[in-house]
Amino acid sequence: MPKKTSSTFAKDFAELEKLAQKFEAGAFDVEEGLADFERGMALAKQLKDRLKNVEQKVETIKAKYKTGE
C-alpha cells in the first residue's frame, strides 16, 4: 500500500505552476523572488524524483508480468 504524505504530486505540481506564472508576470521583489525560486527548484527536484520512482516501479511490475513474447 502506498505510504501517505501530506503533499501529493498534483498539489506540488500546481504550486510549481503557480510560482512559474508569478515569475512570468514579474510580480515579485528580489527577496521574495529568491525565496520563490528556491522553493520552485525544491519542488522540481521532488517531482522529478517522484516520477523517477514511479518509472522504476512500472518497469518492475512490467518485468514481473512479462511473458515469453
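When Phe13 is tested against the conditions (1) outside any helix (DSSP H, G or I); (2) open to solvent by 80 Å² or more (accessible area, probe 1.4 Å), the lone failure is (1).
Just checking, which of Ala27, Ala35 is outside any helix (DSSP H, G or I) and either under 20 Å from Lys11 (Cα atoms) or open to solvent by less than 100 Å² (accessible area, probe 1.4 Å) (or both)? First the steps, then the outcome.
Numbers: Ala35 fails: outside any helix (DSSP H, G or I).
One residue alone meets the criteria, Ala27.
Among residues of segment 25-36 that are in contact (Cβ under 8 Å) with a residue 24 or more places away in the chain, none has a beta-carbon under 9 Å from a residue that is open to solvent by less than 80 Å² (accessible area, probe 1.4 Å) at least six positions away or on a different chain. Whether a residue is modelled with pLDDT of 95 or more and either surrounded by 10 or more Cβ atoms within 10 Å (Cβ to Cβ) or of a type in the set (Ser, Thr, Tyr) (or both) was assessed, and Leu51 passes this test.
Would you confirm, using the coordinates I've provided, whether Ala44 is at pLDDT 95 or above and of a type outside the set (D, E, K, R)?
Numbers: at pLDDT 95 or above: yes; of a type outside the set (D, E, K, R): yes.
In short, yes.
The values are calculated or read from the model by the stated rules, or taken from the named source; none is laboratory data. Only a predicted model underlies this, so the values are computations on that prediction, with no experimental measurement involved. Note: ideal-geometry Cβ built from the backbone for every residue, glycine included; neighbour counts use all protein chains shown. Calculation scope for accessible area: heavy atoms of the full protein, side chains included, ligands and nucleic acids excluded. Shrake-Rupley method; radii C 1.70, N 1.55, O 1.52, S 1.80 Å.
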